[in-house]
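The values are calculated or read from the model by the stated rules, or taken from the named source; none is laboratory data. As the structure is a prediction and not an experimental result, all values here were calculated from the model. Glycine gets a Cβ as well: all are built from the backbone with ideal geometry, and neighbour counts include every protein chain shown. These area figures cover heavy atoms from the full protein model, side chains too; ligands, DNA and RNA do not enter into them. Shrake-Rupley method; radii C 1.70, N 1.55, O 1.52, S 1.80 Å.
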Amino acid sequence: MKVHETRSHAHMSSDEQKGNLRKHKAEGKLPEAEQSPKKAKSENESPNGSGDAASEYKDFCKAVEENLSIDQIKEVLETNGQDCSSPEETLLAQCQDLLFYGALAECPLCGGTLICDNNKRFVCGGEISEWCSCVFSTKSPPRKEEPIKLPDSVLKSAISDLLKKHQDPKTRPKRELSSDKPFAGMMISLMGRLTRTHQYWKNKVEKCGGKVSNSIKGVTCLVVSPAERERGGSSKLVEAMEQGLPVVSEAWLIDSIEKQEAQPLEAYDVVSDLSVEGKGIPWDKQDPSEEAIESLSAELKMFGKRGVYKDTKLEESGGKIFEKDGLLYNCAFSLCDLGKGRNEYCIMQLITVPESNLNMYFKRGKVGDDPNAEERLEEWEDEEDAIKEFARLFEEITGNEFEPWEREKKIQKKPHKFFPIDMDDGIDVRSGALGLRQLGVASAHCKLDSFVANFLKVLCGQEIYKYALMELGLDPPDLPMGMLTDIHLKRCEEVLLEFVEKLKATKETGQKAEAMWADFSSRWFSLMHSTRPMRLHDFNELADHAASAFETVRDINTASRLIGDMRGDTLDDPLSDRYTKLGCKISVVDKESEDYKMIVKYLETTYEPVKVSDVEYGATVVNVFAVESKAIPSLDDIKKLPNKVLLWCGSRSSNLLRHIYKGFLPAVCSLPVPGYMFGRAIVCSDAAAEAARYGFTAVDRPEGFLVLAVASLGEEVTEFTSPPEDTKALEEKKVGVKGLGRKKTEESEHFMWRDDIKVPCGRLVPSEHKDSPLEYNEYAVYDPKQTSIRFLVEVKYEEKGTEIVDVEPE
């Protein structure tokens, strides 16, 4: 075996996740990152009560440290049912706490062992499930209401009388950790000319629980002016960089004091790119908008099951994934444990290269922290030995055997182990679709109508899919989330549906409810590998970041299979080829036609501006495309059904190709929020304003699409002003449903189209249903055969007060 290259092995587990406030996505309250910087040695937290109690505890701790050996300390902990696996320094603190305040009880959530975390809080070291570590946390832990058990060796020690005083639970003081100061236990060094004097910052740091040192020995970080970077820095800066100490800007002090919590050091780094290893800032420590830009610009490194990982550079030499006996030796894994703040990935490949030995590639790291990933590329002379090592690594990573997984997809998730991301044999659309440089050539050589060619250019380009996954935080460059097997997608759907049912039945509150959400979130973001996972908290977040995200990933996977590989020569008209595969007819609607005028009127009448921050965006029709697809009921077929209405449907651009190719699919689950409150239904609206919320892309990408479809509501329509309790009955009966919103279209202005299809086009006016959870009316049907997509309306969103000039293709 020959090792070609090795990078850093300094692999660290991630901190608590910051909120996933991705660019142009709705906000949600999310768990913030917790920094665990290197700290100077600090005293134990004083118990509540008088200063005498604090002094007594301090003296007590000193006596225990001086008179009990480490073996006696372990014996005390074991005798009282406490964990003894921590480092000696931690065991001493555990023992001191136990002997003075009493033995800690089991975790009320999982029955695990409670430990004191850096004198900040008591946390649990157990697991909620095989997917998630326990999230229990408290400053006032439960304790056993029983006398402390003292081993014989301790009873014979010099402090036995002192210890006996605290055996009785009735006489013990209660320990409750006080709120932390932001720099508690930290040693900070200052350097250079800051905006405030060093003395000013020394006073501030000390008031906030920290200390200031003139040297860098044993410090948490070095605070410098960004100007030091340009000057090259002093010997102090060079020494700090050589020792790998964090070097941060003054803003870290300012923000930590303002937020009353030490902020992540990595986010304020000023010299990481100057260091020898060239370490950048991990994505989870960056501002979400900065992280989004970085992930969007990152190249996808593995396009699917046969994709050789780009960092190996072996594809350039003709490298291919090794295949034997029907097995492809290429695996990707994900591990998201929000209880421990872990979000990691792993790649394993066996790669054949012409006129060379078999190569094994292994990479494991924290998502978004590529420079610190463990990575190795090894050359193996013996094929069987390489296969055995691959299988051994698979078992080490997952706790399962390789062949049962690869052949039958049999696997059991094990605690703290990775779970496979089941890649399919194809090309992720982020790699296989048209790149920016190919778009113009592809449309120029297309034999289709120029308007249709430009429309297809959008649907067959990488951009809309990259942006959609970026906005959802599902765009890791290392794993092909756009090329997953149907089995993996089905597993995701089952996990979501199981949790939805559990959530509706549960009566848990407080930390038990938090544990339930954390367990699901860890499971979900292990299966739906994310650049910025979060602990979901409510139905709205579940809809946005699980249900809607799943539907988008599912539809993008369909697009990947249809688009395939368009990376080659575009002179052979790949757009016409994909148009043929779509099995549909798309034509541009004449702007002088009655249909076009009707659609423009319908949009303008039922539209209200999309609001982003304090800016409102109007919508202008650019083009309208008529659609006839083999997968969708024709207009003649739908006209045979009763009670037909022309309605708006909102959709991301990334989902459109699937809608045209296979028709609408019902919502993946039932949730008491707009879009999902009627269960597994196809939901439309009579207000373009409602559809625009889904079709709106982003301020810097103003183009989008709205869908107009004819829906047959059936002979009877059931109306609701609140989420129905039993959506399964509606799904089974396949009845038409109308959700009454707080606004409705003026009925006197409605008209008919194509003889008997109602167009509910009218001014939006307040309805009598002021307490409805819906802003606009929603219509739901449960059978895809009751809907027929008729038009795709290309719109351009514009800031109110600005003028958009249309440029028509030549």
Worksheet item: Which one is least open to solvent (accessible area, probe 1.4 Å) among residues in region 614-639 that are part of a helix (DSSP H, G or I) and in contact with a strand residue (DSSP E or B) (Cβ under 9 Å, 6 or more places away or on another chain)?
Response: Ile638
Practice prompt. Report the residue count in region 640-652 for those that are closer than 27 Å to Arg430 by Cβ and either open to solvent by less than 10 Å² (accessible area, probe 1.4 Å) or assigned to a loop (DSSP other than H, G, I, E, B) (or both).
Written response: 3
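At least 1 residues that are within 16 Å of the chain's Cα centre (by Cα) in each: list the helices (runs of 4 or more DSSP H) lying fully within region 505-586 that qualify. Steps first, answer last, please.
Working: elements: 510-527, 539-542, 548-563, 574-582.
Here the list reads 510-527, 539-542, 548-563.
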Worksheet item: Looking at region 112-145, which of its residues are open to solvent by 20 Å² or more (accessible area, probe 1.4 Å), under 26 Å from Ser69 (Cβ atoms) and of a type in the set (A, V, I, L, M)?
Response: Ile115
Item to complete: Just give me the residues in region 723-755 being open to solvent by 60 Å² or more (accessible area, probe 1.4 Å) and in a loop (DSSP other than H, G, I, E, B), in sequence order.
Response: Glu725, Asp726, Lys734, Arg742, Arg754, Asp755
Fill in: Residue tally, condition of a type outside the set (D, E, K, R), surrounded by fewer than 20 Cβ atoms within 10 Å (Cβ to Cβ) and without any contact (Cβ under 8 Å) to a residue 60 or more places away in the chain, over region 433-455
3
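Just name the residue that is nearest to the chain's Cα centre (by Cα) out of those in region 146-178 that are touching a residue at least 40 places away in the same chain (Cβ under 8 Å) and open to solvent by 50 Å² or more (accessible area, probe 1.4 Å).
Looking only at region 146-178, we keep the residues that are touching a residue at least 40 places away in the same chain (Cβ under 8 Å), and these are 146, 148-151, 153-154, 157-159, 162-163, 166, 169, 172-178.
Pick out the ones that are also open to solvent by 50 Å² or more (accessible area, probe 1.4 Å) and you get 146, 149, 158, 162, 174, 176, 178.
Details: Glu146: 45, Lys149: 47, Ala158: 56, Leu162: 52, Lys174: 40, Glu176: 34, Ser178: 33 Å.
Among those that are touching a residue at least 40 places away in the same chain (Cβ under 8 Å) and open to solvent by 50 Å² or more (accessible area, probe 1.4 Å), it is Ser178.
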Response to the item:
Note: among Val765, Val717, just one is loosely packed, with under 13 Cβ neighbours inside 10 Å and closer than 27 Å to Phe791 by Cα, namely Val765
Worksheet item: All but one of (1) modelled with pLDDT of 95 or more; (2) within 23 Å of Ser530 (Cα to Cα); (3) part of a helix (DSSP H, G or I) hold for Met348; which doesn't?
Response: (3)
Fill in: Selection status of Lys611, surrounded by fewer than 16 Cβ atoms within 10 Å (Cβ to Cβ) and in a helix (DSSP H, G or I)
no
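With the requirement that a residue be outside any loop (DSSP other than H, G, I, E, B) and in contact with a Ser or Thr (Cβ under 7 Å, 6 or more places away or on another chain), what does region 360-370 give you? Spell out the reasoning first.
So in region 360-370, the residues outside any loop (DSSP other than H, G, I, E, B) come out as 360-366, 370.
Across region 360-370, the qualifying residues are Tyr361, Lys366.
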Discussion item. Can you confirm whether Pro420 is open to solvent by less than 10 Å² (accessible area, probe 1.4 Å), touching a residue at least 40 places away in the same chain (Cβ under 8 Å) and under 20 Å from Met528 (Cα atoms)?
Written reply: yes
Worksheet, complete the sentence: Of the conditions (1) touching a residue at least 60 places away in the same chain (Cβ under 8 Å); (2) open to solvent by 40 Å² or more (accessible area, probe 1.4 Å); (3) in a helix (DSSP H, G or I), the single one that Glu395 does not satisfy is (1)
Fill in: Residue count for region 187-233, restricted to those that are at pLDDT below 85 and touching a Lys or Arg at 6+ places or on another chain (Cβ under 6 Å)
1
Practice prompt. State whether one or more residues within region 376-386 are touching a Lys or Arg at 6+ places or on another chain (Cβ under 7 Å) and exposed (fewer than 13 other Cβ atoms within 10 Å of the Cβ).
Written response: no
Worksheet item: Are any residues in region 473-497 open to solvent by less than 10 Å² (accessible area, probe 1.4 Å), within 16 Å of the chain's Cα centre (by Cα) and of a type outside the set (Asp, Glu), and if so, which ones?
Response: Gly473, Leu474, Pro476, Leu479, Pro480, Met481, Gly482, Cys492, Leu496
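Does Ala546 satisfy being of a type in the set (A, V, I, L, M, F, W, C) and farther than 30 Å from Val123 by Cα?
Working: of a type in the set (A, V, I, L, M, F, W, C): yes; farther than 30 Å from Val123 by Cα: no.
No: the conditions fail for Ala546.
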Practice prompt. With respect to Thr552, determine if the residue is in contact with a Lys or Arg (Cβ under 7 Å, 6 or more places away or on another chain) and over 24 Å from Asn454 (Cβ atoms).
Written response: no
Discussion item. Looking at Ala332, Ala386, can you tell me which residue is closer than 26 Å to Cys132 by Cα and modelled with pLDDT of 95 or more?
Written reply: Ala332
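Inside region 116-139, can you point out the residues that are part of a loop (DSSP other than H, G, I, E, B) and not hydrophobic (A, V, I, L, M, F, W, C)?
Of all residues in region 116-139, those part of a loop (DSSP other than H, G, I, E, B) come to 118-120, 125-126, 128-132, 134-136, 139.
Passing the criteria: Asn118, Asn119, Lys120, Gly125, Gly126, Ser129, Glu130, Lys139.
Answer yes or no as to whether Thr552 is open to solvent by 10 Å² or more (accessible area, probe 1.4 Å), in contact (Cβ under 8 Å) with a residue 24 or more places away in the chain and farther than 26 Å from Glu127 by Cβ.
Values: open to solvent by 10 Å² or more (accessible area, probe 1.4 Å): no; in contact (Cβ under 8 Å) with a residue 24 or more places away in the chain: yes; farther than 26 Å from Glu127 by Cβ: yes.
Taking the combined requirement at face value, the residue does not satisfy it.
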Discussion item. Among the residues that make up region 679-698, is at least one of them part of a loop (DSSP other than H, G, I, E, B), at positive phi and buried (at least 22 other Cβ atoms within 10 Å of the Cβ)?
Written reply: yes
Worksheet, complete the sentence: For region 658-679, pairs from a residue that is in contact (Cβ under 8 Å) with a residue 12 or more places away in the chain and under 24 Å from Ile464 (Cβ atoms) to a residue that is surrounded by fewer than 21 Cβ atoms within 10 Å (Cβ to Cβ) and of a type in the set (Gly, Ala, Ser), with Cβ under 6 Å and 6 or more apart or across chains, are Ile660/Ser629; Lys662/Ala631; Gly663/Ala631
Item to complete: Output the qualifying pairs, or none if there are none: Cβ atoms under 6 angstrom, residues six or more apart or on different chains, first residue in region 477-501 and closer than 17 Å to Gly564 by Cβ, second residue surrounded by 18 or more Cβ atoms within 10 Å (Cβ to Cβ) and basic (Lys, Arg).
Response: Gly482/Arg430
Response to the item:
Being touching a strand residue (DSSP E or B) at 6+ places or on another chain (Cβ under 8 Å) and open to solvent by 30 Å² or more (accessible area, probe 1.4 Å) narrows Glu403, Glu408 down to just Glu403
